[in-house]
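The values are calculated or read from the model by the stated rules, or taken from the named source; none is laboratory data. Only a predicted model underlies this, so the values are computations on that prediction, with no experimental measurement involved. Positions of Cβ are generated from backbone atoms using ideal geometry, with glycine treated the same way; all protein chains shown enter the neighbour counts.
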Amino acid sequence: MQDRSGGAAGTRPGPVSALGEESIFGPGDPVRIASRSPVGHYRMPFYLRGKRGSVEAVIEPAAIDNEAEGYGRNAGTKLHYYRIAIPMTEIWPDYVGSPRDGLRIEVCETWLEGLGPMHGETEPTGERDGREPPAISALHA
């Protein structure tokens, strides 16, 4: 038996996530760390701003936005943090070590922008279905 929507009768849709409950990026997604210079102390080193990398892992569960919390502007808002892998050649173009060398840093989603393929790639490498993640800066402006 089917209900009016064509689904099986007696079944209910799964839970619907609230804004911010699901991560915006997934492992393998290419990202850039935002290049901005807000006034005050923010938890993003200057030498990494504007650099490209890829999401290595989503840190679960979502955590309190530590930057907003530090300035007393947070009412328990939770955001996702991501472990970002940045090739050493992205940080130091003349780096002569192994091409597998890189830096890993955990970054709050407010500092990440979605990108297309990394240099030399033809398609996004993420586990998603090829969708381009939105620019997070538009969501948290």
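Descriptive notes on the structure:
- Matching residues in region 99-114 - criterion: being of a type outside the set (Asp, Glu), under 15 Å from Ser35 (Cβ atoms) and in contact with a Ser or Thr (Cβ under 9 Å, 6 or more places away or on another chain): Thr110, Trp111, Leu112
- Of residues in region 31-63 being at pLDDT below 85 and exposed (fewer than 14 other Cβ atoms within 10 Å of the Cβ), the one nearest to the chain's Cα centre (by Cα): Arg43
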